[in-house]
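Participant: Encoded as structure tokens, here's the structure I'll be asking about.
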Amino acid sequence: MRELLGDYEPRGRLLQGIGKFVLFGLDDPFHLTTVTGLAIYGVGKVMESRSNYGIRRAKVDIAITTQDFRNLVDELRSLRF
């Protein structure tokens, strides 16, 4: 049942954020933080690719797409030619 429902968001997003912070936020003359940040970010990307896409994420994606479409339609209606 869990595989069918899936996750609300892809796994590994937190690790990607931490990796980006270490990569860009911390400055090291020996570039140790650069390598560490890239490694942490890479682990997060692998976890994201292995996360289960199920009904929950499909529902969230459809809601986001619908909201973006409504915003685009409202923006086009507000334009005056």
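Participant: Being in a helix (DSSP H, G or I) and either surrounded by fewer than 15 Cβ atoms within 10 Å (Cβ to Cβ) or touching a strand residue (DSSP E or B) at 6+ places or on another chain (Cβ under 7 Å) (or both) is the filter here; which residues of segment 46-63 pass it?
Facilitator: VAL46, SER49, ILE55, ALA58, LYS59, VAL60, ASP61, ILE62, ALA63, listed by residue number.
Participant: Taking segment 10-28, which residues are of a type outside the set (Lys, Arg), part of a helix (DSSP H, G or I) and surrounded by 13 or more Cβ atoms within 10 Å (Cβ to Cβ)?
Facilitator: Once the filter is applied, which keeps residues that are of a type outside the set (Lys, Arg), part of a helix (DSSP H, G or I) and surrounded by 13 or more Cβ atoms within 10 Å (Cβ to Cβ), segment 10-28 yields LEU15, GLN16, GLY17, ILE18, GLY19, PHE21, VAL22, LEU23.
Participant: Between residues in segment 61-81 that are free of Cβ contacts under 8 Å to residues at least 24 places away in the same chain and residues that are of a type in the set (S, T, N, Q) and in a helix (DSSP H, G or I), which pairs lie under 9 Å by C-beta distance while being six or more apart or on different chains?
Facilitator: Partner pairs satisfying both residue conditions: none exist.
Participant: Still on this structure: Just checking, which of GLY6, GLY37 is farther than 23 Å from LYS59 by Cβ, touching a residue at least 12 places away in the same chain (Cβ under 8 Å), touching a Lys or Arg at 6+ places or on another chain (Cβ under 9 Å) and open to solvent by less than 40 Å² (accessible area, probe 1.4 Å)?
Facilitator: Just a single option satisfies the conditions, and that option is GLY37.
Participant: Here is a list of conditions, (1) at negative phi; (2) loosely packed, with under 13 Cβ neighbours inside 10 Å, and HIS31 meets all of them except one; can you say which number that is?
Facilitator: (1)
The values are calculated or read from the model by the stated rules, or taken from the named source; none is laboratory data. Treat the numbers as computed from the prediction; the structure is a model and nothing was measured. Neighbour counts are summed over all protein chains in view; Cβ atoms, including those assigned to glycine, are modelled from backbone coordinates with ideal geometry. When the accessible area is computed, the model is the full protein with side chains, heavy atoms only, and any ligands, DNA or RNA have been set aside. Shrake-Rupley method; radii C 1.70, N 1.55, O 1.52, S 1.80 Å.
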